[in-house]
Amino acid sequence: MKISTKGRYGLTIMMELAAKFGEGPISLKSIAEKNQLSEHYLEQLIAPLRNAGLVKSIRGAYGGYILSKEPETITAGDVIRILEGPISPVDFTEEDDPAKRHLWLRIRDSIAEVLDSTTLQDLIEYKDKNEADNYMFYI
């Protein structure tokens, strides 16, 4: 299964909103600039996330987007399914060889388990930890 830019950039949006959860709305322009992404493309991705109820839009001069729920309750699987559709590494039918079908189902279930057990909070904590580990100190 290959996650497209829709899924990757959608997770980027959601991680940025999760990192600032409780601090007020974040503009897509600031997310785009920080991550060197197209603001126009991010606008296309935020609509399905808003329609699915994962984010809320705040209007006004200091408006933007906020998560509609706590970061520890939204999983990577939630975001990927909204933007990419069902998680399946291979299209298969009931007529396929049962051994192969069993393999594809195990792979699908393993991918889903990882995505569904990884929250936005997990992702931002991992990112924060690794950024802290990357500092170099000189004496």
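Which residues, taken from the range 3-23, are exposed (fewer than 13 other Cβ atoms within 10 Å of the Cβ) and within 14 Å of the chain's Cα centre (by Cα)?
Narrowing the range 3-23 to residues exposed (fewer than 13 other Cβ atoms within 10 Å of the Cβ): 4, 22-23.
Passing the criteria: only Ser4.
What residue, among those in the range 115-139 that are more than 15 Å from Thr73 (Cα to Cα) and among the aliphatic types (A, V, I, L, M), is modelled with the highest pLDDT? Explain how you work it out, then say what you get.
Restricting attention to the range 115-139, the residues satisfying the condition of being more than 15 Å from Thr73 (Cα to Cα) are 126-139.
So of that shortlist, the ones also among the aliphatic types (A, V, I, L, M) come out as 132, 136, 139.
Numbers: Ala132: 58, Met136: 49, Ile139: 51.
This residue is Ala132.
Check whether at least one residue in the range 81-94 is in contact with a strand residue (DSSP E or B) (Cβ under 6 Å, 6 or more places away or on another chain) and closer than 14 Å to Leu115 by Cα, and report yes or no. First the steps, then the outcome.
Pass one, the range 81-94, residues in contact with a strand residue (DSSP E or B) (Cβ under 6 Å, 6 or more places away or on another chain): none.
Among the residues of the range 81-94, not one is in contact with a strand residue (DSSP E or B) (Cβ under 6 Å, 6 or more places away or on another chain) and closer than 14 Å to Leu115 by Cα, which makes the answer no.
Can you pull out the residues in the range 82-123 that are of a type in the set (Gly, Ala, Ser) and exposed (fewer than 11 other Cβ atoms within 10 Å of the Cβ)?
Pass one, the range 82-123, residues of a type in the set (Gly, Ala, Ser): 85, 88, 99, 110, 112, 117.
Answer for the range 82-123, where residues must be of a type in the set (Gly, Ala, Ser) and exposed (fewer than 11 other Cβ atoms within 10 Å of the Cβ): Gly85, Ala99.
Suppose we filter Ile26, Ile58 for residues that are over 14 Å from the mean Cα position of the chain (by Cα), of a type in the set (Val, Ile, Thr) and surrounded by fewer than 16 Cβ atoms within 10 Å (Cβ to Cβ); which single one remains? Break it down into steps so the answer makes sense when it comes.
On the way: Ile26 fails: surrounded by fewer than 16 Cβ atoms within 10 Å (Cβ to Cβ).
After ruling out the rest, the residue left standing is Ile58.
The values are calculated or read from the model by the stated rules, or taken from the named source; none is laboratory data. Note that the structure is a prediction, hence the values are computed from the model and not measured. Methodologically, a virtual Cβ is constructed for each residue, glycine included, from the backbone with ideal geometry; neighbour enumeration extends over all protein chains shown.
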